[in-house]
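The values are calculated or read from the model by the stated rules, or taken from the named source; none is laboratory data. Since the model is a prediction, treat every value here as computed from it, not as a measurement. Virtual Cβ from ideal backbone geometry, glycine too; neighbours counted across all protein chains shown.
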Amino acid sequence: MFSALRTSAVRVNTSFIRNSIRTKVSLPELKYKFTELEPFISADLNTLHYTKHHQTYVNGINQALEQHAQAEAAGDLKKCVELQQNIKFHGGGYQNHCLYWESLAPQSNGGGKLPSEDSGLYKAVTTQYGSFENLIKKANAALAGVQGSGWVFIAKNTDNGAIEIVQRYNHETCSGNLKPLLALDAWEHAYYLQYKNVKAEFFSAIWNVANWAEASRKYDQA
């Protein structure tokens, strides 16, 4: 059986950047209220995460893109190069958090419920990992193994159809031939207000509101 933990760094997916030079990005509209994810993730924690941390990346990428457009118009190549790190960091933070909110769903709307046994995602996971329980154990190990800040993605390798557990640091993205199905935030701001330094409890709790229906939809479309 094939399984993989990807840890190599990649460049931020900049396709949205080219489309956002004239149109500023904003916080995504959510399909649920934060109270609906309790008690697994508190409303206070998610409100802070969404309105402060995610908003910071919205502001950061908009500012960096505006500065880059101005530098490009002025022919200032040096400034354009200097801005790449800000674009990479804030752009990655913006994209990853959008995926994170899509990865969650209230239990009243299917959160935590595994995809149907006849779905492509269910068959792929059980073929490779034996069960979703095994996949989750490996994903939790990858989350616990993030030193400092980072992300873990459950992704589909579009080259061979494999389900991969992809570990990224800071705000590196999951892109290229890896289609993210679920995005799991391992930054301290994602859990500390509620779980303090016991991050393993957060990693276990989040599966109770994992949006497997959305993951299955993305798997089929990849």
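Quick look at the values:
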item: Check on Val166, over 10 Å from the mean Cα position of the chain (by Cα), crowded, with 23+ Cβ neighbours inside 10 Å, more than 13 Å from Ala215 (Cα to Cα) and at pLDDT 95 or above; result: yes
item: Qualifying residue in the stretch 168-188 (condition: part of a strand (DSSP E or B) and small (Gly, Ala, Ser)); result: yes
item: Residue match in the stretch 130-153 (condition: more than 19 Å from the chain's Cα centre (by Cα) and in contact (Cβ under 8 Å) with a residue 40 or more places away in the chain); result: yes
item: Given (1) modelled with pLDDT of 95 or more; (2) more than 17 Å from Tyr191 (Cβ to Cβ), index of the condition Ser175 fails; result: (1)
item: Single condition Lys156 does not satisfy, out of (1) under 11 Å from Tyr219 (Cα atoms); (2) surrounded by fewer than 22 Cβ atoms within 10 Å (Cβ to Cβ); result: (2)
item: Selection status of Tyr50, under 20 Å from the mean Cα position of the chain (by Cα), modelled with pLDDT of 95 or more and either loosely packed, with under 15 Cβ neighbours inside 10 Å or in a loop (DSSP other than H, G, I, E, B) (or both); result: no
item: Any pair with Cβ under 9 angstrom, 6 or more apart, that starts in the stretch 158-183 at a residue that is over 19 Å from Trp207 (Cα atoms) and ends at one that is of a type in the set (Phe, Trp, Tyr) and assigned to a loop (DSSP other than H, G, I, E, B); result: Asn160/Phe2; Ala162/Phe2; Asn170/Trp187; His171/Trp187
